[in-house]
Amino acid sequence: MSSSTQKSVLVVCLGNICRSPMGQAVLTHVAKERGIDIHVESAGTAGYHVGDEPDERTVATCQRHGVKINSLAQQVERSHFKRFDYILASDRSNLSTLERVKPADSTATVCLFSNWSDGLPIQDPYYGGMDGFEKCFTQCEKYSNALLDHITSSGEGSKSAL
């Protein structure tokens with residue numbers, strides 16, 4: 001059972017098969033390692049892959065680092081803007097799309113995943129080689145720690161009872 005102060009995060013990329021499911025898996029993994037109770041999902045701004053599993057290279061990269069990954073692609077919905085505390089875009093193009101579709105009554109903080117770190121986009125590794133997936137993993141790990149540092153330093157997060 002999660003605490004009433006449990007934060008919720010939606011990690012977003014274009015198709016929800018590379019960057020965002022990796023971000024979801026890494027953030028979940030890092031939070032668990034740090035004992036932070038957080039709910040994480042991922043979605044795409046486009047519906048190209050709804051219902052699909054993550055790209056096999058995303059899965060292989062996570063497995064190589066000992067990170068469990070298990071998600072099915074979904075598209076961002078209006079309800080997400082009230083259901084999640086944070087909606088984190090992988091790059092400026094997806095951030096722009098999120099800002100354009102964000103309802104006026106949104107309660108979510110919508111920003112780049114890297115907002116609490118270097119502010120850099122996570123490049124889409126889909127059309128490249130495995131090195132792009134490794135770079136994506138490294139960024140997701142860095143940005144996950146930065147977000148969790150922000151949540152814990154601002155008193156927003158809760159420690160899980162492990």
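The values are calculated or read from the model by the stated rules, or taken from the named source; none is laboratory data. No experiment lies behind these values; they were computed from the predicted model shown. Cβ sites come from the backbone with ideal geometry, for glycine too, and all protein chains shown count toward neighbours. All accessible areas refer to the heavy atoms of the entire protein, side chains included, with ligands and DNA or RNA removed. Shrake-Rupley method; radii C 1.70, N 1.55, O 1.52, S 1.80 Å.
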(request) Using only alpha carbon pairs under 8 Å that are at least six residues apart, calculate the relative contact order of the range 18-90 and give it in whole percent. (result) 38 percent
(request) Measure out, as a whole number of angstrom, how far apart the alpha-carbon centroids of the range 1-49 and the range 90-104 sit. (result) 17 Å
(request) Name the long-range amide H neighbours of Ile36: under 5 Å, sequence gap of 5 or more, or other chain; modelled H, no Pro or chain starts. (result) Ser160
(message) Explain nothing, just the number: relative contact order of the chain, from Cα pairs under 8 Å at least 6 residues apart, as a whole percent.
(response) 30 percent
(request) For Lys32 and Asp85, calculate 0.36 nm times their separation in residues minus their Cα-Cα distance, and state this gained length in nm to one decimal. (result) 17.3 nm
(message) Assuming 0.36 nm per residue, please report the length gained on full extension of the stretch Asp131 to Ala60 beyond their Cα-Cα distance.
(response) 24.4 nm
(request) First select every other residue whose beta carbon is under 12 angstrom from the beta carbon of Ser144; then total the charges, Lys and Arg +1, Asp and Glu -1. (result) 0
(message) Using the crude model of +1 on Lys and Arg Cβ and -1 on Asp and Glu Cβ, and no other charge, please compute the dipole size for the chain relative to its Cα centre, in debye to 20.
(response) 240 debye
(message) Projecting each Cα onto the charge dipole of the chain (Lys/Arg +1, Asp/Glu -1 at the beta carbon, about the Cα centre), which of Thr152, Val110, Thr28 comes out farthest on the positive side?
(response) Thr152
(message) Between Lys102 and Leu72, what is 0.36 nm times their sequence separation minus the Cα-Cα distance? Round to one decimal in nm.
(response) 8.5 nm
(request) Using the charge dipole of the range 1-154 (Lys, Arg: +1 at Cβ; Asp, Glu: -1 at Cβ; taken about the Cα centre), state which of Thr138, Val101, Ile69 has its Cα farthest towards the positive end. (result) Val101
(request) Find out how many positive minus negative residues lie around Ser93, taking Lys and Arg as positive, Asp and Glu as negative, among other residues whose Cβ is under 13 Å from that of Ser93. (result) 0
(message) A 19 angstrom limit on the alpha carbon distance is what I want to check against. Which of Lys68/Lys142; Lys32/Lys82; Lys7/Lys32; Lys32/Lys135; Lys32/Lys68; Lys102/Lys142 exceed it?
(response) Lys32/Lys82; Lys32/Lys135; Lys102/Lys142
(message) If you take semi-axes √(5λ) of the Cα gyration tensor in Å from the coordinates, which of (1) 22, 19, 14; (2) 24, 22, 15; (3) 37, 18, 14 do you get?
(response) (1)
(request) Have a look at Gly23, Gly132, Gly66 and tell me which one the Gaussian network model of the chain (Cα, springs below 10 Å) gives the largest fluctuation. (result) Gly66
(message) With the cut-off at 1.5 for a/c, could you classify the range 55-114 from its C-alpha gyration tensor as rounded, prolate or oblate?
(response) prolate
(message) Once ligands and nucleic acids are excluded and a 1.4 Å probe is used, how much of Ile87 is accessible, expressed in Å² to the nearest 10?
(response) 0 Å²
(request) Take the Cβ-Cβ distance between Arg92 and Thr152 as r, set R0 to 22 Å, and report the resulting FRET efficiency rounded to the nearest 0.05. (result) 0.25
(message) Looking at the chain as a GNM with Cα springs under 10 Å, which of Arg100, Arg83, Arg19 has the largest mean-square fluctuation?
(response) Arg100
(request) Only Lys, Arg, Asp and Glu count, each charged at its Cβ (+1, +1, -1, -1), so figure out the dipole size of the range 1-89 about its Cα centre, rounded to 20 debye. (result) 220 debye
